[in-house]
Each structure stands twice: as C-alpha cells, then as structure tokens.
1. Out of the residues in region 121-142 meeting the condition of being in contact with a Gly (Cβ under 9 Å, 6 or more places away or on another chain) and assigned to a helix (DSSP H, G or I), tell me which one is surrounded by the fewest Cβ atoms within 10 Å (Cβ to Cβ).
2. Considering only residues that are in contact (Cβ under 8 Å) with a residue 24 or more places away in the chain, within 15 Å of ligand 1 (Cβ to nearest atom) and not in a helix (DSSP H, G or I), which ones fall in region 247-306?
3. Condition (residue is more than 10 Å from ligand 1 (Cβ to nearest atom), touching a residue at least 12 places away in the same chain (Cβ under 8 Å) and part of a loop (DSSP other than H, G, I, E, B)) applied to region 35-52: is it met by at least one residue?
4. Return the total of residues in region 78-117 being of a type in the set (Phe, Trp, Tyr) and in a helix (DSSP H, G or I).
5. Of everything in region 259-289 that's of a type in the set (Ser, Thr, Tyr) and within 16 Å of residue 72 (Cα to Cα), which residue is surrounded by the fewest Cβ atoms within 10 Å (Cβ to Cβ)?
6. Show the residue pairs meeting these rules: Cβ distance below 6 Å; 6+ apart or different chains; first residue within region 219-234 and in contact (Cβ under 8 Å) with a residue 60 or more places away in the chain; second residue outside any strand (DSSP E or B) and β-branched (Val, Ile, Thr).
7. Under 7 Å by Cβ, and 6 or more places apart or on different chains, what pairs join a residue from region 61-81 that is closer than 16 Å to residue 105 by Cβ with one that is surrounded by fewer than 24 Cβ atoms within 10 Å (Cβ to Cβ) and of a type in the set (D, E, K, R)?
8. One residue is enough: does region 162-173 have a residue meeting the conditions in a strand (DSSP E or B) and modelled with pLDDT of 95 or more?
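The values are calculated or read from the model by the stated rules, or taken from the named source; none is laboratory data. Being a predicted model, the structure only gives us computed values, none of them experimental. Reconstructed Cβ throughout: ideal geometry from the backbone, glycine too, with neighbour counts over all protein chains shown.
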Amino acid sequence: MFARSARGREAIEFVPHRRENEHLQVLAVTNFKGGSGKTTTSAHLAQYLALQGYRVLAVDLDPQASLSALLGVLPELNVGHNETLYAAIRYDEDRRPLGDVIRNTYFDGLDLVPGNLELMEFEHTTPKALADGSASDGGAIFFARIASALDDVADDYDVVVIDCPPQLGFLTLSGLCAATSMIVTVHPQMLDVSSMSQFLLMTRDLLGVVRDAGGQLKFDFVRYLLTRYEPQDAPQTKVVALLRNLFDDHVLTNPMVKSAAISDAGLTKQTLYEIGPGNLTRSTYDRAMESLSAVNGEIEELMRAAWGRS
Ligand SMILES: Nc1ncnc2c1ncn2[C@@H]1O[C@H](COP(=O)(O)OP(=O)(O)OP(=O)(O)O)[C@@H](O)[C@H]1O
Ligand SMILES: [Mg+2]
C-alpha cells in the first residue's frame, strides 16, 4: 500500500512489479556525490559491453545529460520535446512507448535513451500525481515506472546501463527500483566517503519505503567502484584501505585510476575507446586502458555470474 497523501486518508493499491524478462540485466550507476565518475563509468561500461557483443541500451537519467553528450547526442541541440525517458514514464496522455525515444548511437550494439532538462518534470509531476491519485496512470506506481517502461524493450537488449543524476529524487529512486544490480562510484577522499555514507543511509530508508509499499527489490550485486584513484596518494590509499576493510569484497578489486587520457577525452566528449592513443604518450593511454578493461571485465564477470553462465 502506498499513502496517497500526507494526511494518509486514502491509499493506492500497489501491485508488485514483476519483471517479465528475467534475462535483462539493468545496471544502475549511482551515488549522489557529484563528480564521482558515474557518467564516465556508464559510458565506458556501455561501450565495453557493446564491444563484447552484448546488445546494450544506455539510459540517461540525468537532466544534465552528460551521458547523452558523451555518446554523441547533444541535449540542447539534438533532443526535442518528449524525446527523453520522461516521455515513457510521464503520467499524462503524452506518454510514449520507450521504443519511440530510443536512438542508435554510432557505436555498434549500443543504443541510447537520451536525457535533457525535461527529465526534471518527473520530480515535479510525481508529488502531484501522488496527491491527486494519478500516480499509477498508464500502469505502474512512480517507483516502478522505469522498470515498466523497460519491459517493453527487454527482448531487444541484454544489458541496460542507467546513469543516475547526483541526487536522490524520484528519478533515481525509480531507476534503482528498475535495477537488477548497482555500482556505487566513489572517489576515495574522506569527504566523498562521508557523503557516500549519507547516500547509502538515505537510499536504505527510501528503498525501505518502497518495500513497505510492496515493491520487490532484489539486486544480483551491489559493488563500490573506486574512481579517479591515485595509488601514489597516501591519504587516498588510506581511504581505500578503510573502504576495503568496511565493505570487503563489495568493493571491486580493480579501481579506475585517475588518468589524463580519460579527462582529455572527456573534454571533447569522447571516451577512451574512441580517442585511441592519439596525442597521448603510449604509456598514459595503455595504463588507462588497462585499468578500464580490468574494471569493465570485473563487472562483466558479475553479470555473467548473475546470468548463471560463469
Ligand atoms: N578515471 C578518471 N581519470 C581522470 N578524470 C576522470 C576519471 N573519471 C572521471 N574523470 C573526470 O571527472 C569529471 C567528473 O566525472 P563524471 O562526469 O563521470 O562524474 P559524475 O559522477 O557523472 O558527475 P555528476 O555527478 O555531475 O553527474 C569529468 O570531468 C571526468 O572527465
Ligand atoms: Mg554524471
């Protein structure tokens, strides 16, 4: 049951969302700490998986739409009205099937649901829909809407990678509820780690609300990924040791190291897979690529294990 209003006079019956296509892996890359490497991780993982031959859908859940830009779709220029994920999860009659807003990218095997500022509408319309009882219009309650939208295209993909915005609103919550696994990106600095703890506490509380409302949440895996790591930086290595101590093998073995190859590529809205060695020294490029392959390979292994193939 989900409380319909703050006064709680009426409640909306919630029918637990059943994923119809169990084969589909939906991986959310999340953390509300800005700049923790979510988008960089999402873009490189999505391209890596496509290169391995998986059919991949990248979903940009962030109104800032950096993932779209990184994958070649400029949110201000190339994404029009009702052409983001919002189109498929909105409550009114302008709702469209998710397939309508999926685009090919120039990367074989990788499609994209782009984002732009329009996604913010979901944060505004959800409280209204909850208050006036229309929160289940067109099918699912707010936190099940992304899962429900994905069901429509589940046969077309093996993996969905969701790049979450750096806040814990209705979009993120709905994204996490659609996810079958979660990567929490963390830059190993003390301030970032304390903000991550806040994120985890809030996520736990919110997902508890969803559970109480009858939502079924089960993740195949949840892992922390160390990002922009500088192994030669003593304070960072201390934080990494602390995290490994606290979270044990929930921290991915391979960190993503900090590299000018990644940040330089980002400046021209490209990934490491696209730029190639170019102007970089070979060793800079190779080190970054090695770290990237190790991280992505480790995540792929977790997915294969979840599929029961490993
Ligand atoms: N391994 C890396 N080495 C060097 N720079 C990196 C690395 N990973 C990410 N960056 C840079 O750090 C910045 C933030 O990364 P990114 O945009 O992926 O973070 P984010 O968590 O998605 O941010 P936001 O919270 O704003 O969405 C970018 O400029 C990116 O190029
Ligand atoms: Mg981002």
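1. Applying the first criterion (in contact with a Gly (Cβ under 9 Å, 6 or more places away or on another chain)) to region 121-142 yields 122-123, 126, 141.
Narrowing further to those that are assigned to a helix (DSSP H, G or I): 122-123, 126.
On the way: 122: 24, 123: 15, 126: 23.
Applying the filter and picking the extreme gives 123.
2. Hits for region 247-306 are 252, 254, 255, 256, 257, 258, 259, 269, 270, 271.
3. Step one: list which residues in region 35-52 are more than 10 Å from ligand 1 (Cβ to nearest atom), which gives 45-52.
Narrowing the set further to residues that are touching a residue at least 12 places away in the same chain (Cβ under 8 Å) leaves 45-52.
Cutting the leftovers down to part of a loop (DSSP other than H, G, I, E, B) gives us 52.
The answer is yes, given that some residue of region 35-52 is more than 10 Å from ligand 1 (Cβ to nearest atom), touching a residue at least 12 places away in the same chain (Cβ under 8 Å) and part of a loop (DSSP other than H, G, I, E, B).
4. The first filter runs over region 78-117 and keeps only residues of a type in the set (Phe, Trp, Tyr), leaving 86, 91, 106-107.
Restricting the remaining residues to those that are in a helix (DSSP H, G or I) gives 86.
So the answer is 1.
5. Filtering region 259-289 for residues of a type in the set (Ser, Thr, Tyr) gives 259, 263, 268, 271, 273, 281, 283-285.
Remaining after also requiring within 16 Å of residue 72 (Cα to Cα): 268, 271, 273.
Values: 268: 8, 271: 19, 273: 16.
Per the criteria, the residue is 268.
6. 220/180
7. Final answer for the pair search is 69/269; 70/269; 73/103.
8. Within region 162-173 (the criterion being in a strand (DSSP E or B) and modelled with pLDDT of 95 or more), the answer is yes, since at least one residue qualifies.
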